[in-house]
Amino acid sequence: MSESRYRFDRDGEPEQDQVPADTDVADHIPDVSDASITVADTADSLNDTVNVPESPPTTNVTRKSSRTLKMGSFTHYGFLILALSSCMVAYGGNFFQEFDFTWGGNRAKIFNGGQLLSLSLDKVSGSGFQSKKEHLFGRIDMQIKLVAGNSAGTVTTYYLSSQGPTHDEIDFEFLGNVTGEPYILHTNIYAQGKGNKEQQFYLWFDPTKNFHTYSIIWKPQHIIFLVDNTPIRVYKNAESVGVPFPKNQPMRIYSSLWNADDWATRGGLVKTDWAQAPFTAYYRNYMAQSFSPSQFSDQKWQNQELDANGRRRLRWVQKNFMIYNYCTDIKRFPQGFPPECRRF
């Protein structure tokens, strides 16, 4: 992951000044558009293992922050169901066929003939995997059951990335917390090696009790992050105002579970409790659907937008569960917000 640090105050909270009360926050949140696909849901599993290196590969590591806030009682009332394009090529199902373990030794395992995968973290090492295939645009779905109990200090990542100093990247990161406190879902986007486009959310459910589907839709016009088929974030292509957008570099799918107790929970004030190790996250029902080249020139496909229900669900998530938005952080951008933060 790529590096990005926040500043913290003495209580371990990220320093953030929101826009003044008389400012329309919507003017600082990039506008929304698009969609595609429904998510398949198949059964759980258990069986074989794969041997992999103990040491992690040499990669950039993202540094993120968290804030602590009790999550109230929210009800999730249905999912946004999006239309599947008939021109997409689908891959998925079997972890043996689709992924390679990249580090962690026997902490990374595949069970039940390739239907279930687990990553574990202990005091010696975490673990990770990557896809065999690269993707240039498409939709990625993965069902994940996060580390249960006291997960403070741990980070579970799931993201798309190319390689090199000018890499592109689309991130889901799950920042662990002490028992009873909510996970923080961190999202970020890198283009040509530059990120700093963070939004963070609490979830409206306990992500450790059951599997939930986390999805990325990546098109030349925009990127959509979804949780259980509900859009939580839309990032539009802002090349027209000079902002690079990830559209030229094919990316692989990566995931890892690792210790980040120097920053992950309350800015590093809460450390990993190794008495709770090993920490384990589970994965199933992976699906990658690539858009065909013919769609890139199809204006109807290019101009698809979220329907009214999708826009309503997006507003609901951002109003009730967004806890950080770089587009409203005045202290971070005292000279003015990045150009993509304006509606256009």
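The values are calculated or read from the model by the stated rules, or taken from the named source; none is laboratory data. These figures come from a predicted structure and were not determined experimentally. Cβ placement follows ideal geometry from the backbone for every residue including glycine, while neighbour counts extend to all protein chains displayed.
If I filter the stretch 288-344 down to residues being among the hydroxyl-bearing types (Ser, Thr, Tyr), assigned to a helix (DSSP H, G or I) and modelled with pLDDT of 95 or more, which single residue comes out as nearest to the chain's Cα centre (by Cα)? It would help to see each step written out before you state the result.
Here is the first cut: in the stretch 288-344, the residues among the hydroxyl-bearing types (Ser, Thr, Tyr) are 290, 292, 294, 297, 324, 326, 328.
This time we only want the ones that are assigned to a helix (DSSP H, G or I), so: 294, 297, 326, 328.
Applying the additional criterion that residues be modelled with pLDDT of 95 or more yields 326, 328.
Details: Tyr326: 16, Thr328: 20 Å.
Per the stated criteria, the residue is Tyr326.
May I ask you to list the residues in the stretch 88-136 that are of a type in the set (A, V, I, L, M), within 24 Å of Thr272 (Cα to Cα) and in contact with a strand residue (DSSP E or B) (Cβ under 8 Å, 6 or more places away or on another chain)?
Quick first cut of the stretch 88-136, residues of a type in the set (A, V, I, L, M) only: 88-90, 108, 110, 116-117, 119, 121, 124, 136.
Applying the additional criterion that residues be within 24 Å of Thr272 (Cα to Cα) yields 108, 117, 119, 121, 124.
Residues satisfying the conditions are Ala108, Leu117, Leu119, Leu121.
Criterion first (in contact (Cβ under 8 Å) with a residue 60 or more places away in the chain, outside any strand (DSSP E or B) and among the small types (Gly, Ala, Ser)) does Ser118 satisfy it? Even if it seems obvious, please write down each step before you answer.
Values: in contact (Cβ under 8 Å) with a residue 60 or more places away in the chain: yes; outside any strand (DSSP E or B): no; among the small types (Gly, Ala, Ser): yes.
For Ser118, the condition - in contact (Cβ under 8 Å) with a residue 60 or more places away in the chain, outside any strand (DSSP E or B) and among the small types (Gly, Ala, Ser) - is not met.
Quick check, is Ser73 modelled with pLDDT under 70 and in contact with a strand residue (DSSP E or B) (Cβ under 6 Å, 6 or more places away or on another chain)?
Values: modelled with pLDDT under 70: yes; in contact with a strand residue (DSSP E or B) (Cβ under 6 Å, 6 or more places away or on another chain): no.
Taking the combined requirement at face value, the residue does not satisfy it.
Test Asn188 against the stated conditions and say whether it is within 16 Å of the chain's Cα centre (by Cα), polar (S, T, N, Q) and either at pLDDT 95 or above or part of a loop (DSSP other than H, G, I, E, B) (or both).
So Asn188 fits the description; yes.
For the stretch 162-182, which positions are on the phi < 0 side of the Ramachandran plot and either part of a strand (DSSP E or B) or among the small types (Gly, Ala, Ser) (or both)?
Going through the stretch 162-182, the residues on the phi < 0 side of the Ramachandran plot turn out to be 162-163, 165-179, 181-182.
Listed by number, the residues that qualify are Ser162, Glu169, Ile170, Asp171, Phe172, Glu173, Phe174, Leu175, Gly176.
Residue by residue, here is whether (1) surrounded by fewer than 19 Cβ atoms within 10 Å (Cβ to Cβ); (2) over 21 Å from Asp141 (Cβ atoms) holds:
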{"residue": "His186", "(1), (2)": "no, no"}
{"residue": "Ala191", "(1), (2)": "no, yes"}
{"residue": "His212", "(1), (2)": "yes, no"}
{"residue": "Ile216", "(1), (2)": "no, no"}
{"residue": "Phe225", "(1), (2)": "no, no"}
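Take the stretch 201-222 and flag every residue that is more than 30 Å from Pro244 (Cα to Cα), touching a Phe, Trp or Tyr at 6+ places or on another chain (Cβ under 9 Å) and not polar (S, T, N, Q).
Step one: list which residues in the stretch 201-222 are more than 30 Å from Pro244 (Cα to Cα), which gives 204-212.
Keeping just the survivors that are touching a Phe, Trp or Tyr at 6+ places or on another chain (Cβ under 9 Å) gives 204-208, 211-212.
Trp204, Phe205, Asp206, Pro207, Phe211, His212 - these are the residues of the stretch 201-222 that are more than 30 Å from Pro244 (Cα to Cα), touching a Phe, Trp or Tyr at 6+ places or on another chain (Cβ under 9 Å) and not polar (S, T, N, Q).
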For the stretch 99-115, give me each residue that is more than 16 Å from Ser162 (Cα to Cα) and buried (at least 20 other Cβ atoms within 10 Å of the Cβ). Phe101, Trp103, Gly104, Arg107, Ala108, Lys109, Ile110, Gln115
Which of the residues belonging to the stretch 224-275 are part of a helix (DSSP H, G or I), more than 26 Å from Lys145 (Cα to Cα) and either among the β-branched types (Val, Ile, Thr) or touching a residue at least 40 places away in the same chain (Cβ under 8 Å) (or both)? Ser240, Val241
